[in-house]
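Here is the structure we will look at, set down as structure tokens.
The values are calculated or read from the model by the stated rules, or taken from the named source; none is laboratory data. A quick note: this is a predicted structure, and the numbers were derived from the prediction, not measured. Ideal geometry is used to build each Cβ from the backbone, glycine not excepted, and the neighbour counts take in all protein chains shown.
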Amino acid sequence: MSNGRESSGVFDLQALDGASTLFRPIKPRRAFDEVSGEIKSLIFKGILKPGDRLPSESELASNFGVGRQTIREALRLLELSGFISMQKGGAGGPLIVDTILNTISNSFVDAFQMGRITVDELTTARLAIEKMILGSLFARSLNEADLQALRENVSQARKKIDAGLQAFEENTQFHKLLARASGNHLFLILMESIMTVVAHFRSILGVNMELSARSVEAHQQTIDALVKGNRKKAFVVLEAHLMELGERFNKLANQLKREPEGG
């Protein structure tokens, strides 16, 4: 049996047994794949959000310049992939959902509840990922829309703190906004999932007003460092912020473990 290798070291395709099945003709990407890919891209960019309803089949067909059958196949693929849910009734149709993020996030929370994820592991992983996110922001620079979103987030958080309220949602959202600003879809998915676990920790352990206020201040310092292009400062602030949260979570978790023993 020939192995297709000539004495000169050049691969001779014709001499190889079964050569006709080694390389196959490349098929052009199917139209419904193109359509579903475009809709996914809009979801990842945050243009289409969970709860948004897509136009009708006929409108989508007209916009994409394809037939309605192609649209039906694209929607079926998106539904199977967990990006949309087909609603029934007069006001029904394709609805954007966050099934994928929910599935991943729930898996993270389940792993924590089963003792497979510790506070230290969460802090270490979160720090590594958020450093990569910050690094990418310095590499590509923030656009004005992303910068404004971060500033508005901190402004809303400060208003809550001044009113004596926890800025839980805003502080959590800040890190998701950083991930979104990176333009990297995987960073966004990972950060959404990690912040779900963080939110789970906080719902069980709680966080005091002082720590919530310090988080807001750390977020403002992060924005300032990004604007000034001070990479070192941004990384120092991030590490101190996340390590403080990790230590606080660890302390509260240990207290929680001791409480049943005390009766």
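For region 117-135, enumerate the residues that are touching a residue at least 40 places away in the same chain (Cβ under 8 Å) and among the small types (Gly, Ala, Ser).
Result: Ala125, Gly135.
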### Task
Count, please, the residues in region 84-128 that happen to be hydroxyl-bearing (Ser, Thr, Tyr), at pLDDT below 85, assigned to a helix (DSSP H, G or I) and surrounded by fewer than 17 Cβ atoms within 10 Å (Cβ to Cβ).
3
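Could you tell me whether Gln255 is exposed (fewer than 14 other Cβ atoms within 10 Å of the Cβ) and at pLDDT below 95?
Spelling it out, Gln255 is indeed exposed (fewer than 14 other Cβ atoms within 10 Å of the Cβ) and at pLDDT below 95.
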### Message
Please determine whether any residue of region 136-156 is part of a helix (DSSP H, G or I), of a type in the set (Gly, Ala, Ser), in contact (Cβ under 8 Å) with a residue 60 or more places away in the chain and assigned by TED's automatic domain parsing to the domain that holds Ala234.
### Response
no
### From Ala199, Ala157, residue being among the small types (Gly, Ala, Ser) and within 16 Å of Ala218 (Cβ to Cβ)
Ala157
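Every residue, every condition in (1) β-branched (Val, Ile, Thr); (2) outside any helix (DSSP H, G or I), yes or no:
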position	(1), (2)
Glu34	no, no
Lys40	no, no
Pro55	no, yes
Thr70	yes, no
Gly82	no, yes
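Has region 186-209 got at least one residue that is at pLDDT 95 or above, in the same structural domain as Ile129 (by TED's automatic domain parsing) and within 21 Å of the chain's Cα centre (by Cα)? Even if it seems obvious, please write down each step before you answer.
Restricting attention to region 186-209, the residues satisfying the condition of being at pLDDT 95 or above are none.
No: region 186-209 contains no residue that is at pLDDT 95 or above, in the same structural domain as Ile129 (by TED's automatic domain parsing) and within 21 Å of the chain's Cα centre (by Cα).
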### Message
When you check Ser141 against the structure, is it small (Gly, Ala, Ser) and surrounded by fewer than 17 Cβ atoms within 10 Å (Cβ to Cβ), yes or no?
### Response
yes
